[in-house]
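The values are calculated or read from the model by the stated rules, or taken from the named source; none is laboratory data. All values reported here derive from a predicted model rather than from experimental measurement. A quick note on method: Cβ atoms are made from the backbone with ideal geometry, for glycine too, and the neighbour counts reach across all protein chains shown.
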Amino acid sequence: MQTAKSLEINNIVQPQSKKESSIDEVTPEINGIRDVSPVPRIVPMVLNVKEPIVLPFDEVPGPKSLKYLSIFRNYITEFGTQLTAGLLIFGLNFNSIISDRKTLRNFSNLFDKYGPVVRFVSPVGSDIVLINHPDHIQKVFSMEGEYPVRSTLESLEKYRIEHKNHIFGGLYTVRGQDWVRQRSVLDNPIHNTVVQHAQNIYDASAKFTQKVYNIRNYQDEISKDLYKELHKWAFDCMGLIMFSKNFQMLETELVYSQCDAPWMYHCLEKATDAIIKCESGLQFWKFFTTPAWYSLVKYCDNLDNLIGKYVLDIEQEISTKAQDNNDVPLVPDSLTSAILLSEDKFKAEDIATILMDMMLIGVNTITSSMAFLLYNIAKHQMSQRLLYQEIGDLYQDNIIKDINKFKTDTPYLQACIKETLRLVPPIPLLTRILSRNVTLDNYNIPRGTMIIMSTQDTSLKERNYDDATKFHPERWLTPDAKNYHTFASIPFGFGARKCIGQNIAETMMSLLTVKVLQKYRLEYHYGDIQPSRGFITRPNRPLKIRFIDRM
């Protein structure tokens, strides 16, 4: 029996085929006997966790029209390279962006086609990367470092180097420690000067409403250019803040070169137009004198000289007062006097350069924002009624008592301003030049790359705001407002290089809106107004707003 059993067992465990042999290899042996139906072994699970993959810069999607030509960047002359690059970028790549003056929609089409990170390959110099996702914009700002670098207005920078014989720039173009020095000197004086001249700004706004009454036609519209009247108002207000001077451009129709203030305004208009022409399109002005470059040099020279004259006059006034009042500390009454009295001594020509930048950027951006605010109020009657309920009884005695409390007392007005700036930021594109490598959407973007942040496109994405293209100020007054991504709407920029004039802009816009709505009910009966292309956005059609007297 034992022999038979052993034979039987041997017969069972004897491998008959390769298949059985493979089973036999993994079959456990217990007390010398292999179990043909073993319990499955418990094997520890090894998770295959994917490491984040960083894709090379060459993989960033974008228009391919320039990629094939980039190999020639080392084989053509500088002149030919610049012209070729300008022609290709303008003609091949950016043609879809600027066609029909519908910049925003075509930018959106680029992102729809290529994703949130788009690369433009340049045949010469560094490539350009466009982004529109709030997370990516936040990451770029978080990497900007102590001395953020953004692209400058090259035409203005070249003008100052070649024609003013110094590299000292204003707030918009200067970099590094010079920029930190300017910023530290201007921060407090700007706020203090706005508070100091709030009453004067309100009075200038009253003059605007009176001029509207005087020049409107039988349809209660401004027969002339309403945008230009807003531009004059902004110029007058900036004169109060910068020089404590009443330029009275709202009361001036004819410009004479013998009068400083009107001629300064004329030069500001012409210099702005010249800069916009130089900064857009093919930049032939880099190689020879174009009409736009000739105009820029002429009117920037005039503007710089006139501003410098005001600076020297104020410097002389301070010197005279200091001699008359030896022991009494002088109190600045304007931004210029505050800079002159600061511990950080600036030369008169350097102060003129700072103020010139503030005037070029500040007057134009505030005018643009105010134009779109009036348009939105006129077009949306329900919002206008709610706004009038809030501000209709303010300052009935025409005296500004406490401008510091003004914003907290007018939440709906501030929401209307914020919503207008979300829909149409006055500068729709922000730029940074990377100081170190950054990973965006798993693509490695190398240091030195210019990043263009399409903030206007970002603020109109449905993923960031419900009914994103609609004017809806109430969105900022609900508890859900805290859930909006901080970087989905940044009309004044962010971080160290945030616009220093935010308080000026919001105060001026608020006071003019109060004065206008207390006197008029606004209506708009024409086609939709869109922002036109350019360095600073403007309405793409005349502002035919009706100013109807309130009974």
Within the stretch 427-440, can you find the residues that are modelled with pLDDT of 90 or more and more than 17 Å from Ala488 (Cβ to Cβ)? Asn437, Val438, Thr439
Right, Tyr294: more than 21 Å from Thr365 (Cβ to Cβ), surrounded by 19 or more Cβ atoms within 10 Å (Cβ to Cβ) and either aromatic (Phe, Trp, Tyr) or under 28 Å from the mean Cα position of the chain (by Cα) (or both) or not? no
Looking only at the stretch 459-500, count every residue that is part of a loop (DSSP other than H, G, I, E, B) and farther than 28 Å from Thr431 by Cβ and tell me the total. 5
Listed residues Ile529, Ile504; which is at pLDDT below 95, farther than 30 Å from Tyr218 by Cα and among the aliphatic types (A, V, I, L, M)? Ile504
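Test of understanding: among Ile445, Ile427, which residue is among the hydrophobic types (A, V, I, L, M, F, W, C) and out of contact with any Pro (no Cβ under 9 Å at 6 or more places or on another chain)? Outline the logic, then answer.
Numbers: Ile427 fails: out of contact with any Pro (no Cβ under 9 Å at 6 or more places or on another chain).
Ile445 is the lone residue from the list that is among the hydrophobic types (A, V, I, L, M, F, W, C) and out of contact with any Pro (no Cβ under 9 Å at 6 or more places or on another chain).
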Filtering the stretch 346-376 down to residues that are over 20 Å from Met509 (Cβ atoms) and either over 17 Å from the mean Cα position of the chain (by Cα) or hydroxyl-bearing (Ser, Thr, Tyr) (or both) yields Phe346, Lys347, Ala348, Glu349, Asp350, Ile351, Ala352, Thr353, Ile354, Leu355, Met356
Restricting the search to the stretch 433-477, which residues are of a type in the set (Gly, Ala, Ser), on the phi < 0 side of the Ramachandran plot and surrounded by fewer than 19 Cβ atoms within 10 Å (Cβ to Cβ)? Ser435, Ala468
The condition from (1) over 25 Å from Met509 (Cβ atoms); (2) of a type outside the set (A, V, I, L, M, F, W, C); (3) in contact with a Leu (Cβ under 7 Å, 6 or more places away or on another chain) that Asn483 misses is numbered (3)
Condition (residue is over 30 Å from Leu312 (Cβ atoms), β-branched (Val, Ile, Thr) and modelled with pLDDT of 95 or more) applied to the stretch 196-211: is it met by at least one residue? yes
For the stretch 377-423, list the helices (runs of 4 or more DSSP H) that sit wholly inside it and hold at least 3 residues that are of a type in the set (A, V, I, L, M) and within 27 Å of the chain's Cα centre (by Cα); which are they? 411-423
I need every pair where a residue in the stretch 188-203 that is part of a helix (DSSP H, G or I) has its Cβ under 8 Å from the Cβ of a residue that is modelled with pLDDT under 90 and among the hydroxyl-bearing types (Ser, Thr, Tyr), sequence separation at least 6 or different chains. Pro189/Ser342; Tyr202/Tyr395
Any residue that is of a type in the set (Ser, Thr, Tyr) and touching a helix residue (DSSP H, G or I) at 6+ places or on another chain (Cβ under 8 Å) - is there at least one of those in the stretch 469-479? yes
Verdict on Leu517 being aliphatic (A, V, I, L, M), in a loop (DSSP other than H, G, I, E, B) and closer than 23 Å to Ile201 by Cβ: no
Matching entry among Asp393, Asp344, Asp397, Asp333 (being out of contact with any Asp or Glu (no Cβ under 6 Å at 6 or more places or on another chain), within 17 Å of Met238 (Cβ to Cβ) and not β-branched (Val, Ile, Thr)): Asp333
How about the stretch 406-432: which of its residues are crowded, with 18+ Cβ neighbours inside 10 Å and β-branched (Val, Ile, Thr)? Thr410, Ile417, Thr420, Val424, Ile427
So in the stretch 216-232, with the set limited to residues that are closer than 16 Å to Leu522 by Cβ and of a type outside the set (Asp, Glu), which one is surrounded by the fewest Cβ atoms within 10 Å (Cβ to Cβ)? Asn217
Qualifying residue in the stretch 530-537 (condition: under 21 Å from the mean Cα position of the chain (by Cα), surrounded by fewer than 16 Cβ atoms within 10 Å (Cβ to Cβ) and not polar (S, T, N, Q)): no
Under the condition of being at pLDDT below 90 and part of a loop (DSSP other than H, G, I, E, B), which residue from the stretch 334-373 is surrounded by the fewest Cβ atoms within 10 Å (Cβ to Cβ)? Glu343
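Within the bounds of the stretch 521-542, is there any residue that is charged (D, E, K, R) and assigned to a helix (DSSP H, G or I)?
no
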